[in-house]
Amino acid sequence: MPVIISTMTKTNVESYAQERFELNRQKQTLKEQQQQRLSITYNGGLFRVDMTLLNYLYMKNVNAGLFGQSTKCILPDSYDTPIEVDTEELIKICDDRWNEVYNDWYNEYTDLKTKRKVEDICVEDLKNKE
């Protein structure tokens, strides 16, 4: 049987585990922060921008163009209140918010994943709270 010799000491393993735990915690915090920003208000309603809403709005606009249908429709908002929307206006707002949030999320995640020490991640977390 082959013998596996580990070059990692107990301190290295603990440090690595702590780094991974902190990185995953920071990723989760970042995700929660960015997802909160995906809410928009439109015509008195609160909508959560997600793939389902974007797909519906895109398809409604395509149907309006191809079949001469109206771009106005009634959609339930986050509180299940029916809201009349113009899909052309709403898709512009949703698309802008989606791109803004996901670009910020990507940039912050890229910065986060380059951190290799727990101290770097924790210090960055403290700076953001101030």
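Computed from the coordinates by the stated procedures, all read-outs in this text should not be read as laboratory data. Computed from a prediction, not measured in an experiment: that's the story for all the values here. As a convention, Cβ positions derive from the backbone with ideal geometry for all residues, glycine included, and neighbour counts pool all protein chains shown.
Among K72/K92; K31/K115; K60/K92; K27/K60; K31/K113; K31/K92, which pairs are too far apart, with a Cα-Cα distance over 25 Å?
Values: K72/K92 14 Å; K31/K115 17 Å; K60/K92 13 Å; K27/K60 35 Å; K31/K113 14 Å; K31/K92 23 Å.
Exceeds cut-off: K27/K60.
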Q: Using only C-alpha positions, report the orientation-averaged shadow area of the convex hull of region 10-120, nm², one decimal.
A: 8.9 nm²
Q. So how strong a dipole does region 1-91 carry about its Cα centre when Lys and Arg Cβ are +1 and Asp and Glu Cβ are -1, to the nearest 20 debye?
A. 400 debye
Q. Taking R0 as 22 Å, what's the FRET efficiency between F67 and D95 from their Cβ-Cβ distance, rounded to 0.05?
A. 0.50
Q: Could you please rank Y106, Y58, placing first whichever residue has the fewest other Cβ atoms within 10 Å of its Cβ?
A: Y106, Y58
Q: Compute the distance in nm between two label points, each set 7 Å from the Cα along the Cα-to-Cβ direction, one at D80 and one at Y16.
A: 5.0 nm
